[in-house]
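The next block holds one structure in the form of structure tokens; read it before the comments.
Each value in this text was obtained by applying a stated rule to the coordinates, not by laboratory testing. Owing to the predicted nature of the structure, the values given are computational and were not obtained by experimental measurement. Neighbour counts run over all protein chains shown; Cβ positions are idealised from the backbone, glycine included.
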Amino acid sequence: MRKAPNSAHAKARGFTLVELAIALAVIAILSTSVLMAVRVQTTQRQTSDTRLALDEARSALLAYAAVNGKLPCPAQGGAPGKGQELARVAGRCPAIRGLLPWESLGITAIDGWGRRLAYVVTNDFAEDDLLRLDTPGSIQIAAGGASPAQLASDGAVAAAVWSFGSNGSFGTNTDGSQIPPDSSTGADEQTNGSLTGQIVVARDLAEDPGSANGVFDDQVIWISRFVLVGRLIEAGRLP
């Protein structure tokens, strides 16, 4: 005759299965929390690395101007060996908007996501002729979003440098390939991704596609013409 299972053992076995299920659920929750924390830390590191790259770019541009009496033209391209500035035509840059000429500046010029930094320059500050104290900047820094305002007065900005942020829309990889925009790319990121024009948008992070002018995660710095002129005076390039 078959012996009936011991009820105490059956209960113990059932309780163990419940404990196992609970343990698996706890592990899943903890794993999700850890992954989220790692993601946040990674994003913070990438943002910080980008800020450092932008600060280095500003310093390198000012030092280049102090040595050469002018700012550089944009780079020839994004691939290795293409980081030299464009050759001037009749003393002026053939294009004022493109990539930061990292090889001419002797820096990496790569943001926290491994992409090249973008660059736009006032041509009068990059021409071969010696600058004057009253040379105005032509770059416009727009507030973007729902605001039509500018973040700097007309004529006050000599150049700007920016990263295309984590989504990379319009960015350039280190092999020279470009990242196309996607359906979430907003009007302000399209402005920064333009190959022409003198407007650069600098505004707060916006992850909601429904926000004014859409998603935006570009990081932007600019160089005041007064800071640049002051550096040129210190270097003896201007009276």
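Structural remarks
- Net +/- balance of residues flanking Arg88 in space, Cβ distance below 13 Å, scoring K and R +1, D and E -1: -3
- Each peptide in 151-158, 45-52 gets a packing score, the mean of other Cβ atoms within 10 Å over its residues, and the list from highest to lowest is 151-158, 45-52.
- Projected label points at Asp154 and Thr42, each 7 Å from Cα along the beta carbon direction, are separated by 4.6 nanometres.
- Angle in degrees between helix 7-68 and the longest Cα principal axis of the chain, rounded to the nearest 10: 10 degrees
- Going through (1) 38; (2) 17; (3) 34, the figure that equals percent of Cα pairs over 30 Å apart as computed for the structure here is (1).
- Length-normalised contact order for segment 32-234 - Cα pairs under 8 Å, 6+ apart - percent: 20 percent
- Our note on the geometry: Cα centres of segment 128-193 and segment 41-61, 16 Å apart.
- Shape class for segment 61-175, computed from the alpha carbon gyration tensor (a ≥ b ≥ c): oblate, with a/c not under 1.5 and a/b at or below b/c.
- Degrees separating the helix 225-234 axis from the principal Cα axis of the chain, which is the longest one: 60 degrees
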